[in-house]
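Engineer: Quick one: structure below, then a few questions.
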Amino acid sequence: MADELRHGGVAVFGPGAAAARIEGSKSFAKEVMRAAGVAHARPLAVARPPCVVKADGLAAGKGVHVCRTDEELDAALRATAAIGGPVVIEELLEGEEVSVFAITDGMRTIALPAAQDFKRIGDGDTGPNTGGMGAYAPVDRVEPEELVDVVHRPVLEELAARGTPFLGALYAGLMLTEQGPRVLEFNCRFGDPETQSVVPLLEDDLFGALAAAAGGDLRGVELHAAERAAVTVVLAAGSYPEGGDAGSPIEGIAEAESEGALVFHAGTAVRDGRLVTNGGRILAVTATADTLADARDAAYAAVERIHFPGARYRRDVAAERGQRVGG
């Protein structure tokens, strides 16, 4: 769509099809990172635990499996085969995982506050991976501009050198290992649920920045973030991530919003004039405050106001700074 619109003279914030392969194919992303000299998770020739099994293409956030045992590996290979397409086997990295967004006009970039998301369904990082069960921003000890310098910019330069410049939001999922940052994945868009924590912190004109990037010229554009913290908690269907829920009434959103929370709709619908569930991840609730602890308290206070049958959510989002995970 971006290609067709640009061909018609319409400015678009988003990459064309060729550059969007940075998310659509993990094999392509690794090829670009090797050429750009960007450190990333090393591919393995043989599937043997510990390792990570990934679907090469898009899988709605459910195509990544961390395997520390033979049983987990067998289950991961079966699940990935069911998605179809090539399978990527990678080394298992350990460290703190962070998400860093850069708005780019193809060469120039604006780094946004770093965020950390909580991918697994259960408290304590247990259970299968999901599209994301919560996030917070900013992340202590992480300088997003420095990471954009060593990760995003070399990749953008490589894509431009190939004749496929990337224009839009480039998201890097990074593992901060003892050897330095290593890329786990790229997305060619704002990521969910990290965006729900990052954007409420921005003080300047986000639309103006996006329009400038779409026009191909970010010179002189800045986006400052408030010295505050944001915490987002996702409310999901009881059977998520294996299944979803449809038609169950949702109550309490007005009460949550009256306390100052932002409630983002994901899997919802209106039927017969009533708000009901309609998906796997139903809602995301975000609160901001001067400290991370206060933002967390406010987010969970708002979550407690919302009800629908079978609702599940993690109770440890942002409970510990510096989430240590494998990926």
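Engineer: Considering only segment 84-115, state which residues are open to solvent by 30 Å² or more (accessible area, probe 1.4 Å) and touching a helix residue (DSSP H, G or I) at 6+ places or on another chain (Cβ under 7 Å).
Structural biologist: Answer for segment 84-115, where residues must be open to solvent by 30 Å² or more (accessible area, probe 1.4 Å) and touching a helix residue (DSSP H, G or I) at 6+ places or on another chain (Cβ under 7 Å): 86, 87, 107.
Engineer: Residue 242: surrounded by fewer than 20 Cβ atoms within 10 Å (Cβ to Cβ) and at pLDDT below 95, yes or no?
Structural biologist: Against the criterion (surrounded by fewer than 20 Cβ atoms within 10 Å (Cβ to Cβ) and at pLDDT below 95), residue 242 qualifies.
Engineer: Condition (residue is in a strand (DSSP E or B), of a type in the set (D, E, K, R) and within 30 Å of residue 174 (Cβ to Cβ)) applied to segment 294-310: is it met by at least one residue?
Structural biologist: no
Engineer: Name the residue, out of 159, 170, that is in a strand (DSSP E or B) and either open to solvent by 40 Å² or more (accessible area, probe 1.4 Å) or under 26 Å from residue 97 (Cβ atoms) (or both).
Structural biologist: 170
Engineer: Which of (1) crowded, with 18+ Cβ neighbours inside 10 Å; (2) in a strand (DSSP E or B) does residue 270 not meet, given it meets every other one?
Structural biologist: If we test residue 270 against (1) crowded, with 18+ Cβ neighbours inside 10 Å; (2) in a strand (DSSP E or B), just (1) comes out false.
Engineer: Would you say residue 230 is farther than 22 Å from residue 196 by Cβ, among the hydrophobic types (A, V, I, L, M, F, W, C) and not in a loop (DSSP other than H, G, I, E, B)?
Structural biologist: Considered against the rule, which asks whether it is farther than 22 Å from residue 196 by Cβ, among the hydrophobic types (A, V, I, L, M, F, W, C) and not in a loop (DSSP other than H, G, I, E, B), residue 230 comes out as no.
Engineer: Can you name the residue in segment 116-129 that is among the polar types (S, T, N, Q) and surrounded by fewer than 23 Cβ atoms within 10 Å (Cβ to Cβ) and is also nearest to residue 294 (Cα to Cα) among such residues?
Structural biologist: It comes out as 126.
Engineer: Hey, could you check segment 208-227 for residues that are within 22 Å of residue 318 (Cβ to Cβ) and assigned to a loop (DSSP other than H, G, I, E, B) and say which is least open to solvent (accessible area, probe 1.4 Å)?
Structural biologist: This residue is 226.
Engineer: Considering every residue within segment 179-195, establish whether at least one is in contact with a helix residue (DSSP H, G or I) (Cβ under 9 Å, 6 or more places away or on another chain), closer than 20 Å to residue 234 by Cα, of a type in the set (A, V, I, L, M) and touching a residue at least 24 places away in the same chain (Cβ under 8 Å).
Structural biologist: Within segment 179-195, none of the residues are in contact with a helix residue (DSSP H, G or I) (Cβ under 9 Å, 6 or more places away or on another chain), closer than 20 Å to residue 234 by Cα, of a type in the set (A, V, I, L, M) and touching a residue at least 24 places away in the same chain (Cβ under 8 Å).
Engineer: Right, here's the next one. Of the residues that make up segment 138-149, is at least one assigned to a helix (DSSP H, G or I), of a type in the set (A, V, I, L, M, F, W, C) and in contact (Cβ under 8 Å) with a residue 12 or more places away in the chain?
Structural biologist: The answer is yes, given that some residue of segment 138-149 is assigned to a helix (DSSP H, G or I), of a type in the set (A, V, I, L, M, F, W, C) and in contact (Cβ under 8 Å) with a residue 12 or more places away in the chain.
Engineer: Is there a residue being among the polar types (S, T, N, Q), within 18 Å of the chain's Cα centre (by Cα) and crowded, with 22+ Cβ neighbours inside 10 Å anywhere in segment 24-46?
Structural biologist: Taking every residue of segment 24-46 in turn, none turns out to be among the polar types (S, T, N, Q), within 18 Å of the chain's Cα centre (by Cα) and crowded, with 22+ Cβ neighbours inside 10 Å.
The values are calculated or read from the model by the stated rules, or taken from the named source; none is laboratory data. This one's a predicted model, so the numbers in the text were calculated from it and none came from an experiment. Quick reminder, even Gly has a Cβ in these numbers, built from the backbone with ideal geometry, and neighbours come from all protein chains shown. Areas reflect the complete protein model, heavy atoms only, side chains present, ligands, DNA and RNA absent. Shrake-Rupley method; radii C 1.70, N 1.55, O 1.52, S 1.80 Å.
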